[in-house]
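The values are calculated or read from the model by the stated rules, or taken from the named source; none is laboratory data. All of these numbers come straight from a predicted model, not from anything done at the bench. Positions of Cβ are generated from backbone atoms using ideal geometry, with glycine treated the same way; all protein chains shown enter the neighbour counts. Side chains included, ligands, DNA and RNA excluded: accessible areas come from the protein's heavy atoms. Shrake-Rupley method; radii C 1.70, N 1.55, O 1.52, S 1.80 Å.
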Amino acid sequence: MTDSPEQEYDPGDVAIIGMSLRAPGARTKEQFWDVLVNGRETVSFLAKDDIHVDETLIHSPFYVRACGVLDTYDKFDPSVFGISDRMAAAMTPENRLYLESAWESLEDGGYDPDRLKAEIGMYGANNPQTAALYSSPPDRVSVGPEAIEASLAWSPDTMTSNALYYMGLTGEAVTVAAVCAGFHYAVHLACQSLLLGQSDMAIAGGSMVRMPHPRGHLWEENRILSKDGHCRPFDANGTGTALSSGVVTVLLKPLGRAVADRDHVYAVVRGSAVNNNGVSAMAYGLAQPERLSACIAAAMEVGGVTPDTVSMYEANGLGLPMTDELEVHAATMAFGKQTATTSIGGVKGNVGHGGVVSGGFGAIKAALALYHKTLPATINLTEVNQDLDFPSTPFVPQIEGAAWEPEAGIRRAGITSIGGGGYNAHLLLEEAPAPAERAPEDTGRPRLATLSAMDDEALARQRTRLREWLEADPGLRLDDVCFTLNLGRKVMGRRWAAVVRSREELVAALSDDARGPVASTAAAPRTDAGAFGRTDGGIVPAGQDAPALADLAAAWVTGQQVDFDALHRDGSGRRVPLPTYPFQPRRFWRTDW
């Protein structure tokens with residue numbers, strides 16, 4: 001990273017430079033966005049044989065066989081992290097999912113953990129109950145070191161420290177307990193650490209696996225769980241929400257530093273705030289309008305923005321008229337009387353209620369809405385609840401998807417998360433600043449593109465995914481792609497490299513029938529290591545022409561360490577989102593110790 005960040009940005013702004021998500025019906029953030037813009041509901045309605053709970057519950061007339069299923073909840077790829085199968089089985093599902101997601105966020109941001117010389121804060125929320133339901137370890141006071149080690153893999157408290165350890169990073173590790181507001185609390189604490197200079201970058205998120213998985217719920221009148229399994233935010237016929245699982249992480253960095261480091265920015269955290277209802281709650285666990293309003297207003301005050309410039313409000317939106325009314329009342333008090341209109345929506349209609357990660361679903365929705373300049377529809381909203389009295393509020397329900405054209409001239413979004421026990425949290429996001437003008441790409445110049453993986457199968461999957469990504473986004477510059485691949489990916493044992501002059505050449509080289517200047521670990525020409533220049537970071541090419549880069553490619557794929565920083569010292573490349581590592585998960589599940 002650079003030593004002198006830009007000074008033109010507000011020192012309180014934090015950039016979101018990487019994101020990872022797994023939600024019901026979506027294994028990636030791209031699939032999640034597709035779910036949102038196409039208005040799909042991904043809550044599953046289960047057969048009785050699919051539900052692993054007591055027979056008495058299944059046959060109850062009030063049992064609702066609906067939940068947001070996470071199809072990778074029991075799978076993991078331990079080989080990438082050097083974790084044994086025995087330890088992988090001991091780790092809870094939430095620990096495993098958080099670790100893989102943190103890795104993906106770092107890669108999505110274009111950073112290799114092995115080359116980071118920085119303090120990385122790790123903040124995450126999980127559900128302590130999951131560990132107990134998974135398989136509690138023996139009492140470590142009366143057992144030997146092996147059980148103690150296993151219990152550290154299992155413990156909810158060590159989720160974030162495990163992520164630092166297995167990714168080879170150093171920094172703060174804080175596992176947050178704030179029930180359903182956990183994701184927001186993790187981001188709030190991560191931003192504080194960054195702004196205080198305690199961390200250089202931070203990964204914040206949440207991981208939730210409901211156990212047993214999958215399962216439905218028992219419906220009770222005026223409780224938050226839906227009578228028919230559908231969540232209908234702001235609808236007169238809403239009866240609550242369905243439960244779901246998922247994992248979300250974001251990679252954060254002070255905005256000025258991110259711009260100076262040529263990072264890709266999805267959105268900017270302008271402000272965040274948290275509080276608790278305490279004794280002022282009308283009922284313990286319900287939203288308290290005055291306290292929630294104070295939280296929303298505090299986030300805007302921290303960000304230095306006025307409510308009339310916030311044109312998207314992503315609500316907690318449980319789909320229960322009573323709780324929706326409390327939230328809309330609180331948000332209206334925070335926004336005050338204004339002429340501008342703010343879109344209001346709720347993602348729980350799509351994916352259900354993800355507990356500690358539910359705020360993460362809303363935050364990723366808002367960040368992607370800012371990124372794509374599009375407001376997704378709130379689904380299952382067919383009859384707006386008239387008791388919400390939207391005409392007298394600043395809010396307009398987002399019933400259909402639309403282009404986002406803000407009256408204030410800038411796109412900003414507020415995202416609320418409410419947790420049982422009185423937890424309130426609010427994030428204020430803003431669209432990323434326009435990137436600085438840059439010279440056109442030097443077309444025709446030879447460039448080196450590299451990929452590596454644990455084995456040949458994963459390497460082949462990487463080639464396929466990158467080729468499809470490039471074909472789907474013709475606007476990507478070759479210098480950005482090569483910069484990101486060469487500096488932003490961990491170097492593994494099986495390697496592939498190509499020297500190319502255009503995106504089209506790279507797409508052709510990635511195809512299965514590739515011909516031309518391509519080298520792989522399995523069939524690379526031998527090179528003379530003494531023919532290269534050398535720095536502390538590794539070997540460097542004798543020149544920048546195609547033959548010199550081809551020699552460098554052959555040396556790298558056969559195990560030589562290359563100084564890629566020196567290769568990209570001209571400053572032409574920027575980090576861009578590219579496919580992350582293709583984990584090859586296997587099922588791990590512990591039934592006893």
Among (1) open to solvent by 60 Å² or more (accessible area, probe 1.4 Å); (2) more than 29 Å from Ile17 (Cα to Cα) - the single one Asp442 does not satisfy: (2)
Options Leu470, Leu428, Leu476, Leu451; residue that is assigned to a loop (DSSP other than H, G, I, E, B), open to solvent by less than 50 Å² (accessible area, probe 1.4 Å), touching a Lys or Arg at 6+ places or on another chain (Cβ under 8 Å) and among the aliphatic types (A, V, I, L, M): Leu476
List every residue pair whose Cβ atoms sit under 8 Å apart, with the two residues 6 or more apart in sequence or on different chains, where the first one lies in region 499-512 and is in contact (Cβ under 8 Å) with a residue 60 or more places away in the chain and the second, anywhere, is assigned to a strand (DSSP E or B) and not polar (S, T, N, Q). Ala509/Ala449; Ala509/Ala498; Ala509/Val500; Ala509/Val518
Exactly one of Gly303, Gly349, Gly355, Gly319 is crowded, with 24+ Cβ neighbours inside 10 Å and farther than 30 Å from Glu94 by Cβ, and that residue is Gly303
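Just to be sure, is Glu400 closer than 19 Å to Leu36 by Cα, open to solvent by 80 Å² or more (accessible area, probe 1.4 Å) and of a type outside the set (Lys, Arg)?
Working: closer than 19 Å to Leu36 by Cα: yes; open to solvent by 80 Å² or more (accessible area, probe 1.4 Å): yes; of a type outside the set (Lys, Arg): yes.
In short, yes.
Can you give me the ranges of the helices (runs of 4 or more DSSP H) entirely in region 34-130 with at least 2 residues that are among the acidic types (Asp, Glu) and over 25 Å from Glu149 (Cβ atoms)?
Values: elements: 55-58, 85-90, 93-108.
Result: 93-108.
Looking at Leu21, Leu46, which one is open to solvent by 10 Å² or more (accessible area, probe 1.4 Å) and touching a residue at least 60 places away in the same chain (Cβ under 8 Å)? Walk me through how you get there before you give the answer.
Working: Leu21 fails: open to solvent by 10 Å² or more (accessible area, probe 1.4 Å).
Being open to solvent by 10 Å² or more (accessible area, probe 1.4 Å) and touching a residue at least 60 places away in the same chain (Cβ under 8 Å) holds for just one of Leu21, Leu46, which is Leu46.
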For region 556-581, enumerate the residues that are assigned to a loop (DSSP other than H, G, I, E, B), closer than 22 Å to Arg467 by Cα and of a type in the set (Val, Ile, Thr). Val576, Thr580
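Quick test for you: out of Ala150, Ala66, Ala102, pick the one residue that is among the small types (Gly, Ala, Ser) and at pLDDT below 90. Full working, then the answer.
Details: Ala66 fails: at pLDDT below 90; Ala102 fails: at pLDDT below 90.
The unique qualifying residue is Ala150.
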Would you check which residues across region 414-425 are open to solvent by 10 Å² or more (accessible area, probe 1.4 Å) and in a loop (DSSP other than H, G, I, E, B) and list them? Gly420, Gly421
